[in-house]
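Only one structure is covered here, and it is reproduced in the block below.
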Amino acid sequence: MTADLVLSVNRERHPITVDTRETLLDTLRERLGLTGAKKGCDHGQCGACTVLLDGRRVKSCLTLTVTLDGRGVVTVEGLADGDGLHPLQTAFVEHDAFQCGYCTPGQLCSAVGVLAEAAAGWPSAVTRDDGADSGVDLDEEEIRERMSGNLCRCGAYVNIVAAIGEVAG
């Protein structure tokens, strides 16, 4: 079975007909030519396929495209503002927060989601409740917890955390 829908990817509308079993990851890579999101495990365990859906991070290998009619998807290709890199992209370069680069697109999209979640005051499993309404402090422990769904087989975690911490301020 197929379905007709309009997919908004990186602020561009794409009328598309998809197989109802097709994942967002396959749609992005095979139909739209956006190869930033990677197929790492194809089971939602590694985070290499992470993209933003209406500003929230999702594993695109587990998301059916047919469910996204009219929704907004941002991939790593859509993070930059024209020729200017997103602040996280700049920080990843400055902190050498990648080695092979395979996981980097998912790490970047997830990090953008982390910053938005913290700004909204959403707690994680390690968020300290000090009784004050002071928001979420994105210290190393908090960043590591929130990024734990994104694996880096090269082990660039220290630099990834530093890059995110710098942008979080």
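The values are calculated or read from the model by the stated rules, or taken from the named source; none is laboratory data. As the structure is a computational prediction, the values presented were derived from the model and not from experiment. When we count neighbours, we look across all protein chains shown, and the Cβ atoms used for this are built from the backbone with ideal geometry, even at glycine. For the accessible areas, the whole protein counts, side chains as well, though only heavy atoms, and no ligand, DNA or RNA atoms are used. Shrake-Rupley method; radii C 1.70, N 1.55, O 1.52, S 1.80 Å.
Quick notes
- Yes/no for Val93 being open to solvent by 40 Å² or more (accessible area, probe 1.4 Å) and modelled with pLDDT of 95 or more: yes
- Of all residues in region 119-144 being under 16 Å from Ala162 (Cβ atoms) and under 18 Å from the mean Cα position of the chain (by Cα), the one that is surrounded by the fewest Cβ atoms within 10 Å (Cβ to Cβ): Arg144
- Flag for His43 being over 15 Å from the mean Cα position of the chain (by Cα), over 26 Å from Gly149 (Cβ atoms) and of a type outside the set (Ser, Thr, Tyr): no
- Filter pass, Asp4 being surrounded by fewer than 22 Cβ atoms within 10 Å (Cβ to Cβ) and touching a Pro at 6+ places or on another chain (Cβ under 8 Å): yes
- Within region 64-82, restricting attention to residues that are out of contact with any Cys (no Cβ under 9 Å at 6 or more places or on another chain), within 17 Å of Arg29 (Cα to Cα) and of a type outside the set (A, V, I, L, M, F, W, C), the residue that is surrounded by the most Cβ atoms within 10 Å (Cβ to Cβ) is Thr65.
- Scanning region 147-162 for residues that are closer than 14 Å to Val112 by Cα and in contact with an Asp or Glu (Cβ under 7 Å, 6 or more places away or on another chain) gives a single hit, Val161.
- Test: Cys103 is within 30 Å of Leu32 (Cβ to Cβ), surrounded by 19 or more Cβ atoms within 10 Å (Cβ to Cβ), in contact with a strand residue (DSSP E or B) (Cβ under 6 Å, 6 or more places away or on another chain) and at pLDDT 95 or above: no
- Filtered residues of region 12-57 (kept if among the small types (Gly, Ala, Ser) and buried (at least 22 other Cβ atoms within 10 Å of the Cβ)): Ala37, Gly40, Gly47, Ala48
- In region 103-143, the residues that are within 22 Å of Asp42 (Cα to Cα) and not in a helix (DSSP H, G or I): Cys103
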